[in-house]
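Everything below concerns the one structure shown next.
The values are calculated or read from the model by the stated rules, or taken from the named source; none is laboratory data. Values in this document were obtained by computation on a predicted structure and should not be read as measured data. So basically every Cβ, Gly included, is an ideal-geometry build from the backbone, and we count neighbours across all protein chains shown.
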Amino acid sequence: MNITIIGTGYVGLVTGTCFADKGNKVMCMDIDEQKIKKLREGIIPIYEPGLELLLKKNIEKNNLCFTLSIDEALCHSDIIFLALPTPPNEDGSADLSHVLKVAHLIGEKIDRYKLIVNKSTVPVGTADKVKSFIASHTTIHFDVISNPEFLREGMAVEEFMHPDRVIIGTDSEVAQDIMKELYAPFILHNAQLVYMDIRSAEMSKYAANAFLATRLSFINEIANLCERTGANIDEVKNGIGYDKRIGHHFLNAGAGYGGSCFPKDVKALINTANDHNYDFQILKTVDKVNKNQRLILFDKINDFYKGQLKNKVFAVWGLAFKPKTDDVREASAKYVIKKLVQNGAKVQAYDPKAMNNFMLYGIEHVIYKTSAINCLLNADALIIMTEWDEFKNFDLKKLYNKLPSHIVFDGRNIYDINAMQSLGFHYESIGRKKINNE
């Protein structure tokens, strides 16, 4: 099938590349000239395991190409995926300007039936707006449907190729048949294709992210209570995770969630509720808990040094909001580092993939190191903000020898507290007892 993807961000690139790998002819369109130039050369602007190799392979097979021309993109196919950014406005609502601008262009240029598939995360009712914008320019028949993505950064290619479900929001049998054929190579059985009305599909994306964010804020609250009661969050996590009604996923306590989805989508859903005169109290609390959790490690550090942080040197391992990505949007590391610097501390940081992106924040008094070991040089303490395997598998004896203070603040609970105690570290984590070597 011929497919057009408008927008070459994270969702657009993964979607277009994976569709191309199943033999479709995919054209991706963007207005960023430098990005398109690099993509044509097989260079991707993000780090996502497996994506660059897959992209290069399908460019070579002529299944995947890139353009700056909206006319060329719309002419290429009858299936148009909108994978456009919907950043938050100041009030937390989703900015639909990119989506609606493209809808205008489609309406002005449409010359035959088109299936417009919205992949962007958008508030309930957006498909109706897109349909209205297109219809105001043309009488040609078209369909607008919702096909939300549920990809996790760091596992996006694998999850697109082997989805647990594909949600298709449509009231058109024609559109349903097209989507069924398009997704056939990705599904094992028809139950994975979940059909529903458009507004329910739009809501499903927000509901999924808001629920997962709620789990994370909940387990972080339990972790904070564990510290005050002498319980261990690791044991509690196992105690509830084996309950089939709960499961183990998204029960890792830590220094708060970040990234491009959870913070933005929680705020957007709260805003949607406000627009409909509904007080979404749980989500407001989820958002508040996470804002506090992002700074809980700073509070531990500040307490340990009794507020005397000036000229202290802190090694920070991890800048991305999670491992296997270079995404630093809403990363907890940003908030902790800013507070340290504001209090006169110096920071030397290392991340395997995210340092270039983090540098764009322009935080002063941060020195970027080339390795985890180099990051420890002359450091008064180590702060762990991202659970990269490189850090989890680090030789703890070597860490003890390279970090003279033997002080570690772990915002992701990557080390066994008994091992840290036996080696003589001062070790503070989330929801577990403090290991004190004094």
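Among the residues of the stretch 246-264, those that are surrounded by fewer than 24 Cβ atoms within 10 Å (Cβ to Cβ) and either in contact (Cβ under 8 Å) with a residue 40 or more places away in the chain or assigned to a helix (DSSP H, G or I) (or both) comprise N252, G259, S260, F262, P263, K264.
Taking residues in the stretch 165-187 that are closer than 12 Å to I198 by Cα and not assigned by TED's automatic domain parsing to the domain that holds T17, and partners anywhere that are surrounded by 17 or more Cβ atoms within 10 Å (Cβ to Cβ) and at pLDDT below 95, not one pair has Cβ atoms closer than 7 Å while being at least 6 places apart or on different chains.
All conditions but one from (1) part of a loop (DSSP other than H, G, I, E, B); (2) more than 20 Å from K291 (Cβ to Cβ) apply to E330; the one that does not is (2).
Of the residues making up the stretch 145-182, those that are part of a helix (DSSP H, G or I) and surrounded by fewer than 18 Cβ atoms within 10 Å (Cβ to Cβ) number 9. You will find that of I43, I70, the residue that is of a type in the set (V, I, T), farther than 30 Å from L283 by Cβ, assigned by TED's automatic domain parsing to the domain that holds C18 and in contact (Cβ under 8 Å) with a residue 60 or more places away in the chain is I70 and no other. No other residue among K398, K433 is in a helix (DSSP H, G or I) and not small (G, A, S) apart from K398. For the stretch 380-391, does any single residue satisfy the condition of being of a type in the set (D, E), part of a loop (DSSP other than H, G, I, E, B), more than 12 Å from W317 (Cα to Cα) and without any contact (Cβ under 8 Å) to a residue 12 or more places away in the chain? Checking the stretch 380-391: not a single residue is of a type in the set (D, E), part of a loop (DSSP other than H, G, I, E, B), more than 12 Å from W317 (Cα to Cα) and without any contact (Cβ under 8 Å) to a residue 12 or more places away in the chain.
Within the stretch 101-128, track down each residue that is touching a Ser or Thr at 6+ places or on another chain (Cβ under 7 Å) and either among the polar types (S, T, N, Q) or part of a loop (DSSP other than H, G, I, E, B) (or both). Passing the criteria: I110, N118, K119, S120, T121, V122, P123, V124. Any residue that is at pLDDT 95 or above, closer than 30 Å to A349 by Cα, outside any helix (DSSP H, G or I) and among the hydroxyl-bearing types (S, T, Y) - is there at least one of those in the stretch 215-230? No: zero hits. Listed by position, the strands (runs of 3 or more DSSP E) enclosed by the stretch 1-72 that each have at least 2 residues that are of a type in the set (V, I, T) are 2-6. Annotation: of all residues in the stretch 81-130 being under 22 Å from Y195 (Cβ atoms) and hydroxyl-bearing (S, T, Y), the one that is surrounded by the fewest Cβ atoms within 10 Å (Cβ to Cβ) is Y113.
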